[in-house]
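As structure tokens, the structure follows; a few thoughts come after it.
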Amino acid sequence: MLPALHGGVTATLLDVAMGLCGTWVAQPEQRRVATTLSMSVNFSAPAPVGSRIRAVAVCLYHAGAAVSTG
């Protein structure tokens with residue numbers, strides 16, 4: 001088996017990206033805190049060692065609530 005990025009590291013990267021997306025405001029002193037209550041990640045393939053990894057989160061706002069998707 002070839003070395004690959006651990007799934008827990010990938011999940012943490014996704015969690016941070018979505019959390020920052022959901023709490024982002026223009027003024028840093030107004031930023032809120034977010035807690036992940038539940039997260040499910042389905043992996044389609046391993047990330048080989050040396051590959052570049054990037055997480056992009058998009059926030060969808062609906063009736064005053066924010067939902068982050070990775």
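What to note about this one:
- Region 1-59: relative contact order in percent, alpha carbon pairs under 8 Å with at least 6 residues between: 52 percent
- Remark: region 1-56 carries 85 Å² of accessible area per residue (probe radius 1.4 Å; ligands, DNA and RNA excluded).
The values are calculated or read from the model by the stated rules, or taken from the named source; none is laboratory data. Since we're looking at a predicted model, the values are computed, not measured. Just so you know, the surface numbers come from the protein's heavy atoms only, side chains and all, with ligands and any DNA or RNA stripped out. Shrake-Rupley method; radii C 1.70, N 1.55, O 1.52, S 1.80 Å.
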